[in-house]
Amino acid sequence: MANPKRKWSKARTGARRSQWKLTIPGLVSCPQCHSFKLPHRVCKECGYYKGKEVIKVEAK
């Protein structure tokens, strides 16, 4: 089994781990009901995509 030649410094380890972060999803408003949704996906509130009703959504 291969072993590392030398110990990595704490700064090097921290620099590698600094890229592990969460990103906020890019939300857009639905042109039909103006609720926020993910781009290129059917709106969960009204069921429309590109101006056409794709999913029948029951009224609350």
Q: Could you check how many residues of segment 46-60 are loosely packed, with under 10 Cβ neighbours inside 10 Å and within 17 Å of Ser29 (Cβ to Cβ)?
A: 2
Q: For segment 1-50, name all the residues that are among the aromatic types (Phe, Trp, Tyr) and under 19 Å from the mean Cα position of the chain (by Cα).
A: Trp20, Phe36, Tyr49
(Q) Looking at segment 5-33, I want the residues that are at pLDDT below 90 and have a partner that is outside any helix (DSSP H, G or I) and surrounded by 10 or more Cβ atoms within 10 Å (Cβ to Cβ) with Cβ atoms under 9 Å, at least 6 apart or on another chain. Which pairs are those? (A) Pro25/Leu38
Q. Considering only residues of segment 18-32 that are in a loop (DSSP other than H, G, I, E, B) and touching a strand residue (DSSP E or B) at 6+ places or on another chain (Cβ under 9 Å), which is surrounded by the most Cβ atoms within 10 Å (Cβ to Cβ)?
A. Cys30
Q. Does segment 2-31 hold any residues that are out of contact with any Gly (no Cβ under 8 Å at 6 or more places or on another chain) and closer than 30 Å to Ala59 by Cβ, and which are they?
A. Pro25, Gly26, Leu27, Val28, Ser29, Cys30
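The values are calculated or read from the model by the stated rules, or taken from the named source; none is laboratory data. Only a predicted model underlies this, so the values are computations on that prediction, with no experimental measurement involved. Virtual Cβ from ideal backbone geometry, glycine too; neighbours counted across all protein chains shown.
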